[in-house]
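Here the structure comes first, spelled out in structure tokens, and everything after it is commentary.
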Amino acid sequence: MLLAGMEIGISSIRVIIAGDMEAPHWPAAAAALFGLLVRQWVLPPGGAGDRRAALYVSAAAAAGAGGAWIGGLMSVPHLSYLDPAAGLIISALVLAEGCRLIIGTARSGAFAERGAERADELMQVIQRVEGVITVEMVRARERGHYVVVEVVISVNPRISVMEGSEIAKRVRLLLLDRFIHVADVTVHVEPYDPGYPYRSNHDPNQEHMPTLLQ
């Protein structure tokens, strides 16, 4: 995309310097206008930035080709400059879009790397909380300058719901206290299930309790 934008810009500059202005024929203007209409009404919308950039490119092409064609019909030589001028505008838009994509890719890679490091650090802290048997999932998402954490832990299935909620509360408060950049923590509690029947690894001598299914 960057190379294409540079090529369009260089070609437009050469035309302006050479002064060889040849007004485009009406099919070029019609094609540019048709492309603008198709892009606006037919093709599915993308992101707001992508749609706006594509709309500006199509509008510049239609205005440049149409204005130069009208200038040729009316014998107004100065309007012929609209076509290469539109090329310069399109070149700038394409270059800007290419730079935006490169910066976005770099930021995504950096965020993914930081997210993996955060998840490992958060998991190490959660595993120290008494009552947590395993940490099933840790997800950290950036919201501005802060981080929102979602955690799924497993606890002994023989404890009460109130005890499970208390463990989740301890996990939440510990993360909020330990990490200043964490703005909110959501903890989901699930019963630990290593396989049926369950035997707690905290009490290996416990007897197997029959269930309603037996």
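What follows draws every value from the coordinates through simple rules; no lab data is involved. A quick note: this is a predicted structure, and the numbers were derived from the prediction, not measured. As a convention, Cβ positions derive from the backbone with ideal geometry for all residues, glycine included, and neighbour counts pool all protein chains shown.
As a calculated quantity, the FRET efficiency between M1 and I159 at R0 = 45 Å, using C-beta atoms, amounts to about 0.20.
Between the C-alpha center of the stretch 62-102 and that of the stretch 153-174 there is a gap of 65 Å. Using a simple spin-label model with pseudo-atoms 7 Å out from Cα toward Cβ, A92 and E130 lie 6.7 nm apart. Full extension of the segment from L37 to A18, taken as 0.36 nm per residue of separation minus the current Cα-Cα distance, would add 3.6 nm.
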